[in-house]
1. What percent antiparallel are the DSSP beta bridges of the chain, to the nearest 5?
2. Tell me, what HN-Hα J-couplings in whole Hz come from the Karplus equation 6.51 cos²θ - 1.76 cosθ + 1.60 at θ = phi - 60° for each residue of region 122-129, using x for Gly and Pro?
3. If you average over every viewing direction, what projected area does the convex hull of the Cα atoms of the chain give, in nm²?
4. Which ³J(HN,Hα) values, rounded to whole Hz and listed in residue order, are derived for region 211-226 from phi using the Karplus coefficients 6.51, -1.76 and 1.60 in 6.51 cos²θ - 1.76 cosθ + 1.60 with θ = phi - 60°, glycine and proline given as x?
5. Across bins of 10 angstrom width beginning at 0, how are the C-alpha pair distances of region 31-113 distributed, in whole percent?
6. Take the chain, connect every pair of alpha-carbon atoms lying under 10 Å apart with a spring to form a Gaussian network, then pick out the residue of SER27, SER188, SER166 with the largest mean-square fluctuation.
7. Taking amide H atoms as placed 1.01 Å from N in the peptide plane, list the residues 5 or more away in sequence, or in a different chain, whose amide H sits under 5 Å from that of ASP91.
8. Please turn the phi angles of region 131-146 into ³J(HN,Hα) values with the Karplus equation 6.51 cos²θ - 1.76 cosθ + 1.60 (θ = phi - 60°), one per residue in order, whole Hz, x for glycine and proline.
Amino acid sequence: PFLFLLYINDICDDLVNNIRLFADDTSLYAIVENGTTNVAQSLTNDLDLVDKWSKDWLVDFNPNKTVNVDFSRKNKAYPPIKFGENGPLIDQNIFHTHLGLCFQRDATWTLHIQLIHEKATKRLNILRMLKYKVKRKTLVKIYFAFIRPVMEYSDVVWDNCSEKDSKLLEDVQVEAGRIITGLRCNSSRTKLYNELGWDLLQTRRKVHKLILFYKIINGYSPNYLYDLIEPYRQSNHSYNLRANDLQFKIPHIRTTSFMESFLPSTVKQWNILPEY
């Protein structure tokens, strides 16, 4: 793997636009601020350089596996992009799956939640098949090991999903809890969670975000994440907070979706944490 990374690392040296490499998964992107035609041509030129690089270094790229997604909430047409000047047009899509996350064109998480909901629901059959054969403790371990991780993978990224999508995942956990405990469908969720000692998935996502934020400000994560955070500011509160001198500026917020995304929502929660 290390030699492979060395082999492809110079693929981005001459490119104009932004590029992200993860093993053999490459994403090329540009932020459209003015003319869309210029951006489309710029991306096409970069893909032409990538195509020439692949021929020089005997690496085969499959244009059919490359997709073009315009991330925007505006219903407008964007110019097509080619895989190089003389290459085929790249198919336009409404989503792009990257490192296990499904990014939709309109910056919502409905499709991603549906995919992980289907995967987690199928795995509930494991509990149903074993609920009369093993002890409750074993069923809980199976849920923690094989089902809940599916619904929590990269949850700090998509925690700003809609309430409807959030409830869809919570229903899976409730169903798992009912299989494990044997409680009836009409039993209250509060009683179910109290008996199992579980937290809501939504609550766990908030904790996960705070843990990641702690790692970011204490140097346990990549530096580019820390660079996204505004400098410290002095607290205006008279009561004791966790870190009166470790408060952070909340980014300027224009939409509800952005307000609930990782950085604004986590900074807000961090700033109101008690001292102990």
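Throughout, read-outs are computed from the coordinates displayed, never taken from laboratory work. Quick caveat: nothing in here was measured; it's all calculated off a predicted structure.
1. Here the share of antiparallel DSSP bridges comes out near 85 percent.
2. Result, rounded to whole Hz: 4, 6, 5, 4, 4, 5, 5, 5.
3. The number I arrive at for the chain is 19.9 nm².
4. Along region 211-226, the couplings run 5, 5, 4, 4, 5, 5, 6, 10, x, 9, 9, x, 4, 5, 6, 5 Hz.
5. Over region 31-113, the share of Cα pairs per 10 Å bin runs 17, 42, 32, 9, 0 percent.
6. Comparing SER27, SER188, SER166 in the GNM, the peak value goes to SER188.
7. ASN68
8. 5, 9, 10, 10, 6, 4, 4, 5, 4, 4, 4, 5, 5, 5, 8, 10
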